[in-house]
Structures are given as structure tokens and as C-alpha cells.
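K.L.:
Provided herewith is a single structure, encoded as C-alpha cells, for subsequent inquiry.
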């Protein structure tokens, strides 16, 4: 079942005895867990019929004993195991998974990594439970996720604004959702969110951010690149050099790949580079024209060198801001 299917079935009160949620993306696991914890039973029913365990502090036998009880003055009892990845005796749940109690809703939240599908427990869970893997989104899927999230809150967002958030915050959905909630609190329903809204409410500058820097470098806009570098130097805490270098490394790696994909169809190139649209492909093509393969290799080497220097290797006293100015100069010249 998908996340949406699971939530719909829960809302329709079509409960299953066991839910096993696992995967590297914690957002969907947390959302399903929260729904079961807060919505399946009424407030009065929870006092006697809901138990929450944590993997590090729990044993399988205790969990099974609890799950085998019958509910009191309620059609169901809810048993939740959080942080299941920390339970050493997790495999010992196998007998219960093979024959669960129908009046118990057991939810197991195994977060931050994929569960080993080769185990007997995994095979039994697939056969007898709702078995859901929460997978991280690809970078090029995040802007659409942002748009859908705001749509569910009766708001919209333009493409450049969603891309700014995605590029700045990455693909951690919990982090993104927390920031988007700031917009939903501070802006009225029906708002079409713009880059200015993001700057005012989330604090991501629409003009001075690492993605504007990479675009300035890609287009060889010397004035703009140096203006952003000077801004970063004056606001070093908000723009740590190691993060800037990591983003630029990813950018120029894709520019380098593009040189070897230049004879491929645009759709294939966008897929290989994990780009969201032709707009961004045009940006990378411009950078590829401005940076021949030998120069891109030099840039990647410079990024590796300055990454080490930002961490103190072969650098005794040069501040991060000065290192960035040096780096930008060497990339452009």
C-alpha cells in the first residue's frame, strides 16, 4: 500500500492488525504513526487501550504480551512500537506476526533505514501485515511535493519559489514540511507563494543563496558571483563554506556529466542529471558551453582542495570568507 492508501484506509476505519513502516524517509512513517496514535481511538478509549513502546527500552515478549490482551470498552486496542530499529529482540515478534490478535492494532515504526527483506520476519510481515517502505524522494521530485503539500493547505506556489525551497533545504521532507508550515501560519489561505514570501517567512534570500551563486558561476557572471561571495563572507554563519562547496561540487559534477551526454535526447539528459524541467537543462547547457571538460575537472579539483582547507588541512588562519573569494576567483579565471 502507498502512504495515501494507508491514510485513506485508516480514515475509513478499515484497520489491519499489523502495520510495519520502515525506510530512510522518516516523514511518512511519522505521519502514519501520528494518525494511528491520535485518531484511531477516542480520548477516553486511549486511557485503557493504547500503549506506546520504544525499541531501545523494550523486549519482544513484553510487546507480544501486551498485544495479546483484549480491549476494554473499545472494539480495538492500539500498541505502537517506536524506534523499532533499536529493538534487539525484534525478530522474536515473528510468532505474533504470523498469528496476530484481530482486536489489536500493532504499529511498528522502523525508521531511518530499510528493513532487511531477506529475514523470516520481513517475509512474514509482507504476508500478514501492511508493509510500507518510506523511500526518499529524488531531488527533482521535491518541488512537486512542495506544491502538493501547499495545495493540501489551500495554497499554491510558483515554480521558481518551490525550486528555491527544494534547492536550499534538500530532500528531507520533515524539515521542508516544518518550513512550509511557517508559510501556512503567516499567510492567508489562497495565497500564491512567491520567492519574496519565502524570504520574509522562512529566511531564504531570493538573491543571495548558494543556488544563485552556482548560476552566476555557470553563466560566468563575475560581478554577481563576487557580490554573492561578499554577502556570504559577511554572513558566514548562515552560509558555511563546507555546505557551499558541497552544493557547487554537485553542480559541476552534473556539468561534467553533461559533456558526455551532449549527443543524447534532452529527455534522457534530464533524467540522467535528475533535472526537473527543460528550464534547468538550459542552465546546465549554458554552463557546459562556458566550462569545457578540462576546466570542469580543474574546478572539481579546486572544490576538493578548498573543502580540505575549510576543514583545516593546509590552512592555518585564512577565514572561510576569504577562502570562498579565492575559490570563486579561481573558478572564474
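K.L.:
Filter the stretch 247-269 down to residues that are in contact (Cβ under 8 Å) with a residue 12 or more places away in the chain and either within 21 Å of residue 161 (Cβ to Cβ) or in a helix (DSSP H, G or I) (or both), then give me how many there are.
P.N.:
14
K.L.:
A further question follows. Looking at the stretch 234-243, can you tell me whether even one residue there is crowded, with 20+ Cβ neighbours inside 10 Å and more than 22 Å from the chain's Cα centre (by Cα)?
P.N.:
Among the residues of the stretch 234-243, not one is crowded, with 20+ Cβ neighbours inside 10 Å and more than 22 Å from the chain's Cα centre (by Cα), which makes the answer no.
K.L.:
Right, here's the next one. Exposed (fewer than 14 other Cβ atoms within 10 Å of the Cβ) and assigned to a helix (DSSP H, G or I): does that describe residue 282?
P.N.:
yes
K.L.:
Is it true that residue 294 is within 24 Å of residue 138 (Cβ to Cβ) and at pLDDT 90 or above?
P.N.:
For residue 294, the condition - within 24 Å of residue 138 (Cβ to Cβ) and at pLDDT 90 or above - is not met.
K.L.:
What do you reckon, is residue 215 assigned to a loop (DSSP other than H, G, I, E, B) and closer than 21 Å to residue 300 by Cα?
P.N.:
no
K.L.:
Given the condition in a helix (DSSP H, G or I) and over 30 Å from residue 28 (Cβ atoms), answer yes or no: does some residue in the stretch 173-196 qualify?
P.N.:
yes
To keep it simple, each residue is scored yes or no on (1) at pLDDT below 95; (2) farther than 21 Å from residue 34 by Cβ.
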residue: 101; (1), (2): no, yes
residue: 121; (1), (2): no, yes
residue: 149; (1), (2): no, no
residue: 168; (1), (2): yes, yes
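K.L.:
Another question, then. Consider residue 333 against the criteria (1) within 21 Å of residue 223 (Cβ to Cβ); (2) modelled with pLDDT under 95; (3) surrounded by 12 or more Cβ atoms within 10 Å (Cβ to Cβ): it satisfies all of them except one. Which criterion is unmet?
P.N.:
Here residue 333 clears every test but (3).
K.L.:
I'd like to check something: does the stretch 75-92 contain any residue that is closer than 24 Å to residue 5 by Cβ, assigned to a loop (DSSP other than H, G, I, E, B), in contact (Cβ under 8 Å) with a residue 12 or more places away in the chain and in contact with a strand residue (DSSP E or B) (Cβ under 7 Å, 6 or more places away or on another chain)?
P.N.:
Looking through the stretch 75-92, at least one residue is closer than 24 Å to residue 5 by Cβ, assigned to a loop (DSSP other than H, G, I, E, B), in contact (Cβ under 8 Å) with a residue 12 or more places away in the chain and in contact with a strand residue (DSSP E or B) (Cβ under 7 Å, 6 or more places away or on another chain).
K.L.:
Please specify each residue of the stretch 122-137 satisfying the condition of being touching a strand residue (DSSP E or B) at 6+ places or on another chain (Cβ under 9 Å) and outside any helix (DSSP H, G or I).
P.N.:
Answer for the stretch 122-137, where residues must be touching a strand residue (DSSP E or B) at 6+ places or on another chain (Cβ under 9 Å) and outside any helix (DSSP H, G or I): 129, 130, 131, 132, 133, 134, 135, 136.
K.L.:
Quickly run through the stretch 94-110 and pick out the residues that are surrounded by 15 or more Cβ atoms within 10 Å (Cβ to Cβ) and touching a helix residue (DSSP H, G or I) at 6+ places or on another chain (Cβ under 9 Å). Full working, then the answer.
P.N.:
As a first pass, look at the stretch 94-110 and keep what is surrounded by 15 or more Cβ atoms within 10 Å (Cβ to Cβ): 94, 96-97, 100-101, 103-110.
Answer for the stretch 94-110, where residues must be surrounded by 15 or more Cβ atoms within 10 Å (Cβ to Cβ) and touching a helix residue (DSSP H, G or I) at 6+ places or on another chain (Cβ under 9 Å): 94, 96, 97, 100, 101, 104, 105, 106, 107, 108, 109, 110.
K.L.:
Would you be able to tell me the number of residues in the stretch 94-121 that are closer than 17 Å to residue 21 by Cα and touching a strand residue (DSSP E or B) at 6+ places or on another chain (Cβ under 8 Å)?
P.N.:
14
K.L.:
Restricting to the stretch 62-84, name every residue that is surrounded by fewer than 16 Cβ atoms within 10 Å (Cβ to Cβ) and touching a helix residue (DSSP H, G or I) at 6+ places or on another chain (Cβ under 8 Å).
P.N.:
68, 72, 73
The values are calculated or read from the model by the stated rules, or taken from the named source; none is laboratory data. Please read all numbers here as calculations on a predicted model, not as lab measurements. For neighbour counting, all protein chains shown are included, and Cβ atoms are generated from backbone atoms with ideal geometry for every residue, glycine included.
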